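All remarks here apply to the structure that follows.
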Amino acid sequence: MTANEKIITKFYTAFANADATTMCECYHPDIQFRDSVFGLLKGNDVCQMWKMLIENNKGNIKIEFSDIKADEYIGSARWIATYNFSKTNRKVVNVIQAKFQFKEGLIVKHSDYFDIWKWSKQALGTKGYLFGWTGFFQNKIQQKALLSLKKYKETNHAN
């Protein structure tokens, strides 16, 4: 196992154990994270997002990961998050393909790719099924996610 495969394994093992602090130790200070729900997040906002997601699910999130591959510069993994979406309490099984870039032995770029329409159907029900494929609805999802993160940071005095 390469050093960067170990860092990816450490990241997802920590996630499976609801340990956001250890997850964040895997990130370079210049971390950039991107996915369909939050868009682009940078620096401390990335760690705050993971802390918020873990807290919102009260540790009731199942993380499975596999297919970890990494060389000196780039890496990838497949992971599945199973949880109840906090706003609706609907069960979500999200299958995600992650891509990574590394700098100084840490993750500096992390992008998660998944089917946002499939996620919205599970998380939001009929509304997600009918409108989750539209750019307008996807923008609304992102706006609400970013607002939740902003409120979380204000409540927890995180910058």
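Could you give me the residue pairs with C-beta distances under 9 Å whose first residue belongs to region 140-152 and is under 14 Å from Ser86 (Cβ atoms), whose second residue is of a type in the set (Gly, Ala, Ser) and part of a helix (DSSP H, G or I) wherever it lies, and which are 6+ apart or on separate chains?
Here the result reads Ile141/Ser120; Ile141/Ala123; Ile141/Gly128, each pair linking region 140-152 to a residue that is of a type in the set (Gly, Ala, Ser) and part of a helix (DSSP H, G or I).
Can you work out which of the residues in region 115-140 that are on the phi < 0 side of the Ramachandran plot and not in a helix (DSSP H, G or I) is nearest to the chain's Cα centre (by Cα)? Give the steps one after another, and end with the answer.
At the first step, the residues of region 115-140 found to be on the phi < 0 side of the Ramachandran plot are 115-124, 126-140.
This time we only want the ones that are not in a helix (DSSP H, G or I), so: 115, 132-134.
Details: Asp115: 13, Gly132: 19, Trp133: 20, Thr134: 21 Å.
In this case the residue turns out to be Asp115.
State all residues of region 57-86 that are basic (Lys, Arg), over 17 Å from Ser111 (Cβ atoms) and free of Cβ contacts under 8 Å to residues at least 40 places away in the same chain; if no residue qualifies, say none. First the steps, then the outcome.
We begin by selecting, within region 57-86, every residue basic (Lys, Arg); these are 58, 62, 69, 78.
Checking the rest, the ones that are also over 17 Å from Ser111 (Cβ atoms) come to 58, 62.
The answer is Lys58, and nothing else.
Any residue at all in region 141-152 that is basic (Lys, Arg) and either surrounded by 13 or more Cβ atoms within 10 Å (Cβ to Cβ) or at positive phi (or both)? Before the answer, list the steps.
To start, the set of residues in region 141-152 that are basic (Lys, Arg) comprises 144, 150-151.
In the following step, the residues that additionally are either surrounded by 13 or more Cβ atoms within 10 Å (Cβ to Cβ) or at positive phi (or both) were identified as none.
Scanning region 141-152 turns up no residue that is basic (Lys, Arg) and either surrounded by 13 or more Cβ atoms within 10 Å (Cβ to Cβ) or at positive phi (or both).
Look at region 74-114 and say how many of its residues are part of a loop (DSSP other than H, G, I, E, B), exposed (fewer than 14 other Cβ atoms within 10 Å of the Cβ) and touching a strand residue (DSSP E or B) at 6+ places or on another chain (Cβ under 8 Å). Spell out how you get there, then give the answer.
Of region 74-114, the ones part of a loop (DSSP other than H, G, I, E, B) are 85-90, 104-105, 114.
Remaining after also requiring exposed (fewer than 14 other Cβ atoms within 10 Å of the Cβ): 87, 89, 104-105.
Next, from what is left, pick out any that are touching a strand residue (DSSP E or B) at 6+ places or on another chain (Cβ under 8 Å): 104.
Counting residues in region 74-114 that are part of a loop (DSSP other than H, G, I, E, B), exposed (fewer than 14 other Cβ atoms within 10 Å of the Cβ) and touching a strand residue (DSSP E or B) at 6+ places or on another chain (Cβ under 8 Å) gives 1.
Residue-wise test of (1) small (Gly, Ala, Ser); (2) free of Cβ contacts under 8 Å to residues at least 24 places away in the same chain; (3) touching a strand residue (DSSP E or B) at 6+ places or on another chain (Cβ under 7 Å); (4) in a strand (DSSP E or B).
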position	(1), (2), (3), (4)
Cys24	no, no, no, no
His28	no, no, yes, yes
Val46	no, no, yes, no
Trp50	no, no, no, no
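Read-outs: derived from the displayed coordinates by stated rules, not from any lab. These numbers were taken from a predicted model, which means no experiment stands behind them. No Cβ is skipped: glycine too gets one built from the backbone with ideal geometry, and neighbour counts run over all protein chains shown.
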